[in-house]
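The values are calculated or read from the model by the stated rules, or taken from the named source; none is laboratory data. This one's a predicted model, so the numbers in the text were calculated from it and none came from an experiment. In this analysis, Cβ positions are derived from the backbone assuming ideal geometry, glycine residues included, and neighbour counts consider all displayed protein chains.
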Amino acid sequence: MSENAIEVDGLRKTFGRFTALDGLSFAVAAGSVLGLLGPNGSGKTTTVSILSTALRPDGGQATVHGLDVVADAARVRQVIGLAGQFAAVDPNLSGRENLTLIGRLSRVGRKQARVRAGELLDGFGLSAAADRLARTYSGGMRRRLDVAAALLHRPPVLFLDEPTTGLDPESRFALWDAVRDLSRTGTTVLLTTQYLEEADALAERVVIIAAGRVADTGTPAQLKARFGAAVFDLGFGAPGDAETAALALAARGYVTERTGATLRVRADSGSGAVTGVLRALDHQVPDPMSVAVREPTLDDVFLSLTQGGKPA
Amino acid sequence: MTTVATTGSTVVPLAPDRPAGDRVTAAVSDTVDVAWRNLRTLLRTPQALIFATIQPMIFVLLFRYAFGGAIRVPGTSYVDYLMPGVFAQAVAFGAIGTAVGLAGDLRSGLLVRFRTLPMSRIAVLAGRTLADLVRNLLVVAVMIGVGFAVGFRVANGAAGLFGALALVVAFAYAASWAFVALGLRVSDPEAAQAAAVPLVFLLVFTSAAFVPSQSMPGWLQAFGTHQPVNALVSAERALILGGPAAHDVLICLAWIAGLLLVFVLLAARGYARMGR
């Protein structure tokens, strides 16, 4: 086995005329967490589906633990777990029944499946709801059960496909903790997400994909440095005011983008950015009615990739 | 969350509980597990059970008391003519649930999860059809009770009745596979319902399940008497009402074997194609 738990080389997949993956290549070091980022339709789920043997690629190669996902699919299935937006639990089974069923089907013995289900229900804070039908669970509980099901046979490689999309912050942080714990014990995690923030919190490395190819890759810190340190959302009283402010900021070299009376401003460095932007909005520009400073999101990153940093 | 953790830095998957080479045992065990899951689901979605039992009862009441008085059948009372038709109709309508349920699993993502588990592939489909078999046994038992309650009497003895019911259940099993293949093709419960309902209606109501084919125009009769539901109903009647049955039973068995062969293959291919 190589030191990479996952290797993806020139993966291709088309659905009719739509090219989902267009020669995708990346690797995930054993025991690390990799964040696969991209907008809707960029190929994240297709990638995870192929790596988890649910889908066959049209071209290219992928291995998990050195096993080819097509030729050795049956053995790959023994070392992986999949959870996320398109993997589901049965709403008409209780949490415990769901886990024991998945355990049985994962070739874990009946007794061991029961023990393991109990452990995981405990670990994911679902003990109290263990014998309730999953259809009565909240979104967050269902997602935790989904992840627990993926972990039943203790897979050394875990795929999480947008595990926190649509979750409230508390559930999101609980899932993050779970991922950190798994990583600490040596599980390799491939996580897809639309949130740079999430990759930042969890992933050692990030691969950004767009239109089925790698658009950029690096550590979260490297990516953030490349895409600017901060984003300002300025709200004005009228679109005209926002336009005036956009011109003043552009004159000082800031990249802006206006939507109605709202102006989004990208700043390259964190320190001095606030004073710099506010100074650009001097007395000839109407005062903004609201100012929000935040970290760049994947949306911002993609805007900068597609607009090439030109002033809006 | 420490209970999730394993000790040490390398994660070792739990050892399989049986040698990987024993594929048949594994497939049987997985099939039983999936069937168990589907039966639980059935018990917990009362609408499905109601559809499977109340609805044929309504047909019995309708045809026994509302329409039956106006229907003349040669050589027997209408209720004895009706019940074999109702058995066929009950399991044929039940098969709609097979397509809808499987399409639901497809849409919810449960089948994606199953595809990523080291389980037997065919067990996903074989488990569902096994659960349907159990459901159909239940439905047929209920319908016999209902039949006796409204005056159904078996002229040809218990052996004839059980022979007929064995055919019904075997036919229903083949029909399950057909609707599994359909459910996999449409991948959406509403579409599955929309595709399955007209098909079942067409087959049930052009057959002689409720009225003799002789009353139908020639072109309809030609279709109605050469399709599987009619073959089942004819064989059942021959066994239940008495008279020469071998020919009808053989035709029915041929349909069952043919449907099974074609649709087990189509269903298996449909499942394999999900990953294309």
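A few points about this structure:
- Boolean, A:Val79 is in contact with a strand residue (DSSP E or B) (Cβ under 8 Å, 6 or more places away or on another chain), touching a residue at least 40 places away in the same chain (Cβ under 8 Å), away from every other protein chain (no Cβ under 13 Å) and hydrophobic (A, V, I, L, M, F, W, C): no
- A:Asp131 assigned to a loop (DSSP other than H, G, I, E, B), more than 9 Å from chain B (Cβ to nearest Cβ) and on the phi < 0 side of the Ramachandran plot: yes
- Restricting attention to region B:210-264, the residues being in contact with a helix residue (DSSP H, G or I) (Cβ under 7 Å, 6 or more places away or on another chain) and in a helix (DSSP H, G or I) number 29.
- Screening A:Val89, A:Val108 for residues that are among the β-branched types (Val, Ile, Thr), facing another protein chain (nearest Cβ under 7 Å), buried (at least 24 other Cβ atoms within 10 Å of the Cβ) and over 21 Å from A:Gly212 (Cα atoms) leaves exactly one candidate, A:Val108.
- Residue count for region B:32-86, restricted to those that are under 30 Å from B:Ala103 (Cβ atoms) and part of a loop (DSSP other than H, G, I, E, B): 1.
- Selection count where residues are among the small types (Gly, Ala, Ser) and within 12 Å of chain B (Cβ to nearest Cβ), scope region A:33-71: 3
- Subset of region A:165-179 that is away from chain B (no Cβ under 13 Å) and within 14 Å of the chain's Cα centre (by Cα) - its residue that is surrounded by the fewest Cβ atoms within 10 Å (Cβ to Cβ): A:Gly166
- Residue within region A:250-260 that is at pLDDT below 90, out of contact with any His (no Cβ under 7 Å at 6 or more places or on another chain), hydroxyl-bearing (Ser, Thr, Tyr) and surrounded by 15 or more Cβ atoms within 10 Å (Cβ to Cβ) present: yes
- Odd one out for B:Leu165 among (1) of a type in the set (A, V, I, L, M); (2) touching a residue at least 24 places away in the same chain (Cβ under 8 Å); (3) over 23 Å from B:Phe59 (Cα atoms): (3)
- Set A:Gly125, A:Gly140: member being within 23 Å of A:Thr187 (Cβ to Cβ), of a type in the set (Gly, Ala, Ser) and in a loop (DSSP other than H, G, I, E, B): A:Gly125
- Residue check for A:Val115: surrounded by fewer than 19 Cβ atoms within 10 Å (Cβ to Cβ) and part of a helix (DSSP H, G or I): yes
- Screening the candidates A:Ala30, A:Ala71 for the property of being over 27 Å from A:Ala134 (Cβ atoms) and free of Cβ contacts under 8 Å to residues at least 24 places away in the same chain yields one hit, A:Ala71.
- Among the residues of region A:82-97, those that are at pLDDT below 95 and not hydrophobic (A, V, I, L, M, F, W, C) comprise A:Gly84, A:Gln85, A:Asp90, A:Pro91, A:Asn92.
- Members of region A:180-200 that are surrounded by fewer than 23 Cβ atoms within 10 Å (Cβ to Cβ) and modelled with pLDDT under 90: A:Gln194, A:Tyr195, A:Glu197, A:Asp200
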